[in-house]
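Engineer: Below is one structure. I have some questions about it.
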Amino acid sequence: MSYTTSTLPAPATKEDALRENVIVAAQRLFQHYGLAKVTLEDIAKAIGKGKSTLYYYYKSKEEIFTAVMDREIGEVMVEMAKAVEAATTAEEKLCVFSLTKLRALRKKLALYGIVCKEVNSQAEFTCAMRQSYMKRESVLLRGILRFGIETGELGRLSPTDVDALVFVMLSGLHGMELEMMGNNNFDMLEPAVGILTRSLIHGLKS
């Protein structure tokens, strides 16, 4: 069973290439200055275009930021999918799913520390981004559970049980994210993930 997520294709047209340039330039600016201080004019200047050109493709700075975050999330999902694919048991897959996710978060926090604080103050914006991320994570997590059921590592689970487990797993990881982000404490990352995955797997064995 393959979990690999496709990487982004190379720009096929001039419009695609321009969008790519905008995202790359905005990515650097957001990392360095934060969301609040970067303007559309800054981004346009960074790619050598006028602000009116940006308006043709993006309605606002926030829309560009969403595109940047989609790129970042896509990169994390590819990393997670590769780690899951390489693991050989459902327990290992759940463990690397969680560890890769949280380690990627740690790395992104180093790049986007300023931005994370700004975005977290905008509940509606944060919620929309999180929902998008969770949908993609849910697909990968359901694949792991199906693998465990098919190999006999897990007992038979109804669709409702699978939905509940996905919710519990992602909610637990989200709680870890908030704790680690709030206290900048990643020391308990591996022990916490180990306990979470062992508890789930051994509680679900047939």
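Engineer: Cβ contacts < 8 Å: first residue in contact (Cβ under 8 Å) with a residue 12 or more places away in the chain, restricted to the range 41-68; second residue basic (Lys, Arg) and surrounded by 18 or more Cβ atoms within 10 Å (Cβ to Cβ), any location; separation 6+ or different chain. Result?
Structural biologist: Ile43/Lys61
Engineer: Output the helices (runs of 4 or more DSSP H) that fall wholly within the range 39-111 and possess 2 or more residues being under 30 Å from Ile201 (Cα atoms), or say none.
Structural biologist: It comes to 61-86.
Engineer: Another one. Of the residues Leu140, Leu173, Leu196, which single one is more than 30 Å from Ala67 (Cβ to Cβ), surrounded by 12 or more Cβ atoms within 10 Å (Cβ to Cβ) and either at pLDDT below 70 or of a type in the set (A, V, I, L, M) (or both)?
Structural biologist: The conditions single out Leu196.
Engineer: From the set of residues in the range 32-61 that are open to solvent by 40 Å² or more (accessible area, probe 1.4 Å) and polar (S, T, N, Q), which is nearest to Val22 (Cα to Cα)?
Structural biologist: Thr53
The values are calculated or read from the model by the stated rules, or taken from the named source; none is laboratory data. What you see is a predicted model; the values in this text were computed from it and never measured. Cβ atoms come from the backbone with ideal geometry, glycine included; neighbour counts cover every protein chain shown. Accessible surface areas use protein heavy atoms only, side chains included; no ligands, DNA or RNA. Shrake-Rupley method; radii C 1.70, N 1.55, O 1.52, S 1.80 Å.
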